[in-house]
Amino acid sequence: MIFALTQDDGIHQVEVTAEGSTYTIRPGEAEPLVVDARLVSPGCWSMLVGQRSYTVRVHQDRSIYTVEMGGRTWSFDLKDPARAMSAAPAPSGKGLGLVKAPMPGRIIRVLVEVGQTVKTGQGVVVVEAMKMENELPAPRDGVVSEVHVAEGQTVESQDPLLLIADQPSAKRQV
């Protein structure tokens, strides 16, 4: 995944790749950093960098990740094209809103059910990918018409997760 890190001296690109619990962090042109990370509770990680151990807290708000470690805080904006595409609102108006998996992962929670009314941006499903939980938003206002996944299920990139249709119009009695 590619993130944009905003610091006092500007915006820097950071690439993160994972293999099991080992993460390689490539901050722009700097030397890559290899980290062993384990999720110990929601939003709290234990990380081993070289011989030093750290407790790291991660908070996600849409595509923004706030990371707190050793008294310092960083904010990262996820720039992964697949995630950006899945989170982009559909054009307003009539039609269907298909929510797709932005990357391979596992369904952690389905936050909605068939027949439920949702608003644009409302969380509808949580997918775990690369040891991070990503809450995917509804791309449009409407009613959940189909749910294609269940908790614990694995998905591939671009697999359909659920479908949002127009709200049925109220029928007038004559």
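Against the conditions (1) under 30 Å from residue 37 (Cβ atoms); (2) in a strand (DSSP E or B); (3) under 18 Å from the mean Cα position of the chain (by Cα); (4) at pLDDT 85 or above, where does residue 76 fall short? Just the number, please.
All conditions pass for residue 76, except number (4).
Would a scan of region 34-56 turn up a residue that is in a strand (DSSP E or B), under 30 Å from residue 166 (Cα atoms) and at pLDDT 75 or above? Steps first, answer last, please.
Taking region 34-56 as the starting set, the residues that turn out to be in a strand (DSSP E or B) are 34-41, 44-49, 52-56.
Adding the requirement that they be under 30 Å from residue 166 (Cα atoms) leaves none.
No; the residues of region 34-56 include none that is in a strand (DSSP E or B), under 30 Å from residue 166 (Cα atoms) and at pLDDT 75 or above.
Could you identify the single residue in 63, 75 that is within 20 Å of residue 104 (Cα to Cα), surrounded by 15 or more Cβ atoms within 10 Å (Cβ to Cβ) and not β-branched (Val, Ile, Thr)? Working first, answer last.
Values: 75 fails: within 20 Å of residue 104 (Cα to Cα).
Every option except 63 fails the conditions.
Residue check: is residue 30 under 18 Å from the mean Cα position of the chain (by Cα) and either free of Cβ contacts under 8 Å to residues at least 12 places away in the same chain or assigned to a strand (DSSP E or B) (or both)? Steps first, answer last, please.
Values: under 18 Å from the mean Cα position of the chain (by Cα): no; either free of Cβ contacts under 8 Å to residues at least 12 places away in the same chain or assigned to a strand (DSSP E or B) (or both): yes.
Considered against the rule, which asks whether it is under 18 Å from the mean Cα position of the chain (by Cα) and either free of Cβ contacts under 8 Å to residues at least 12 places away in the same chain or assigned to a strand (DSSP E or B) (or both), residue 30 comes out as no.
Counting only residues that are closer than 15 Å to residue 1 by Cα and either free of Cβ contacts under 8 Å to residues at least 60 places away in the same chain or not assigned by TED's automatic domain parsing to the domain that holds residue 33 (or both), how many does region 43-74 have?
Adding up the residues that qualify gives 2.
Scan region 24-65 residue by residue and report those that are of a type in the set (Ser, Thr, Tyr) and more than 19 Å from residue 11 (Cα to Cα).
Looking only at region 24-65, we keep the residues that are of a type in the set (Ser, Thr, Tyr), and these are 24, 41, 46, 53-55, 63, 65.
Selection gives 24, 41, 46, 53, 54, 55.
Residue-by-condition table, conditions (1) surrounded by 14 or more Cβ atoms within 10 Å (Cβ to Cβ); (2) at pLDDT 80 or above; (3) touching a Cys at 6+ places or on another chain (Cβ under 8 Å):
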{"position": "85", "(1), (2), (3)": "no, no, no"}
{"position": "114", "(1), (2), (3)": "no, yes, no"}
{"position": "120", "(1), (2), (3)": "yes, yes, no"}
{"position": "125", "(1), (2), (3)": "yes, yes, no"}
{"position": "138", "(1), (2), (3)": "yes, yes, no"}
{"position": "150", "(1), (2), (3)": "no, yes, no"}
{"position": "162", "(1), (2), (3)": "yes, yes, no"}
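Say whether the condition of being modelled with pLDDT under 80, assigned to a strand (DSSP E or B), more than 18 Å from the chain's Cα centre (by Cα) and on the phi > 0 side of the Ramachandran plot is met by at least one residue in region 6-27.
The answer is yes; a qualifying residue exists.
Looking at this structure, is residue 43 loosely packed, with under 13 Cβ neighbours inside 10 Å and either closer than 19 Å to residue 105 by Cα or not hydrophobic (A, V, I, L, M, F, W, C) (or both)? Write out each step before concluding.
Numbers: loosely packed, with under 13 Cβ neighbours inside 10 Å: no; either closer than 19 Å to residue 105 by Cα or not hydrophobic (A, V, I, L, M, F, W, C) (or both): yes.
Taking the combined requirement at face value, the residue does not satisfy it.
The values are calculated or read from the model by the stated rules, or taken from the named source; none is laboratory data. These numbers come from a predicted model, not from an experiment. Positions of Cβ are generated from backbone atoms using ideal geometry, with glycine treated the same way; all protein chains shown enter the neighbour counts.
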